[in-house]
1. From A178, A162, grab the single residue that is open to solvent by less than 20 Å² (accessible area, probe 1.4 Å), modelled with pLDDT under 95 and touching a Lys or Arg at 6+ places or on another chain (Cβ under 9 Å).
2. Evaluate the following for E124: is it closer than 18 Å to P51 by Cβ, assigned to a helix (DSSP H, G or I), among the charged types (D, E, K, R) and touching a helix residue (DSSP H, G or I) at 6+ places or on another chain (Cβ under 8 Å)?
3. For the range 96-109, indicate whether the set of residues that are hydroxyl-bearing (S, T, Y) and surrounded by fewer than 23 Cβ atoms within 10 Å (Cβ to Cβ) is non-empty.
4. Considering only the range 189-245, state which residues are more than 20 Å from the chain's Cα centre (by Cα) and of a type in the set (S, T, Y).
5. Would you check which residues across the range 127-152 are among the acidic types (D, E) and under 15 Å from the mean Cα position of the chain (by Cα) and list them?
6. Please work out which one of (1) in a loop (DSSP other than H, G, I, E, B); (2) surrounded by fewer than 24 Cβ atoms within 10 Å (Cβ to Cβ) is the condition A241 fails and give its number.
Amino acid sequence: MTRLRCFSGLLALLLAGSAWGAPPPSVFLEELTTSEVTAATSGGYRTIIIPVGGTEQSGPHLTLGKHNLRVRVLAGRIAEQLGNTLVAPVVAYVPEGRIDPPTEHMRFAGTISIPEPVFQAVLEAATRSLWQHGFRDVLLIGDHGGYQGALKALAARMATGAGKGGNRLLFIDAYYQAAQAPYVGALKAKGLSEAQIGTHAGAADTALQMALAPESVRPDQFERAAREGRTGGSSGDPRPASAALGQLGVDLTVQRTLAAIRAALSAAR
């Protein structure tokens, strides 16, 4: 009987240890319970990505949550391939221009803008919250070009005195850059012109969205977007866009971001 009790107790400990070391049911922080997060950090999940999106107009054919949808999916894929990494909720409120009188994207209905100091303060508080809960490396990736400088400046500022317990905030510039020159080059190799590719809600932007979140694309509005151009809030021509062309950008973004994160984590240590 004593031996049976000992065996049962050992078996219970082994099973408990196995459950504790199991990967979390999701890489997305908001889909986990607090107990699951504790188990994950105790089991080696010490890196977390803060994906930064934005709520802005993208012409008549892309929804206002374009950046939020895109960065969440990509952050999830990056976290899965990186291993021992979770993804924080997307930061959807970002600087988008002056509110009154409106400038930049604020000239179009639905855009939400916050001042840059507020934006940085939110990210700083989120980072410190995550450090408090056992995450060591917090990674910033941003899907919109307008605040890349603010992300870089915040990471540089927080590097001073952030070394308590080895905590770090790292800005991964490669995420945004992958969708610029490398992706444009890949699209040009497929026969698209620079005018078609555009810089905002053109073929490049639209194709990425078709590959990652097709429900956020309105193909019946492509003709209107091409006709209205900048007046309607876009730059480029979405009509040549396809999910296959968007996959080129997806692959570039994931591959280059993974390489940059691995290099940054290795250098930081």
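1. A162
2. Yes: the conditions hold for E124.
3. Going through the range 96-109, the residues hydroxyl-bearing (S, T, Y) turn out to be 103.
Right, trim to surrounded by fewer than 23 Cβ atoms within 10 Å (Cβ to Cβ) and you get 103.
The answer is yes; a qualifying residue exists.
4. S193, T231, S234, S235, S242
5. Filtering the range 127-152 down to residues among the acidic types (D, E) leaves 137, 143.
Matches in the range 127-152: D143 only.
6. It is condition (2) that A241 fails.
A quick yes/no check of all residues on (1) under 26 Å from Q132 (Cα atoms); (2) under 9 Å from the mean Cα position of the chain (by Cα); (3) free of Cβ contacts under 8 Å to residues at least 40 places away in the same chain:
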position: V27; (1), (2), (3): yes, no, no
position: T34; (1), (2), (3): yes, no, yes
position: Y45; (1), (2), (3): yes, no, no
position: Q57; (1), (2), (3): no, no, no
position: L62; (1), (2), (3): no, no, no
position: K66; (1), (2), (3): no, no, no
position: Q81; (1), (2), (3): yes, no, no
position: N84; (1), (2), (3): yes, no, no
position: P95; (1), (2), (3): no, no, no
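Residue-by-condition table, conditions (1) at pLDDT below 95; (2) surrounded by fewer than 18 Cβ atoms within 10 Å (Cβ to Cβ); (3) of a type in the set (V, I, T):
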{"site": "I112", "(1), (2), (3)": "no, yes, yes"}
{"site": "E116", "(1), (2), (3)": "no, yes, no"}
{"site": "Q120", "(1), (2), (3)": "no, no, no"}
{"site": "I141", "(1), (2), (3)": "no, no, yes"}
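The values are calculated or read from the model by the stated rules, or taken from the named source; none is laboratory data. Everything numeric in this text was worked out from a predicted model, so none of it was measured. When we count neighbours, we look across all protein chains shown, and the Cβ atoms used for this are built from the backbone with ideal geometry, even at glycine. The accessibility values were calculated without ligands, DNA or RNA, using every heavy atom of the protein model including side chains. Shrake-Rupley method; radii C 1.70, N 1.55, O 1.52, S 1.80 Å.
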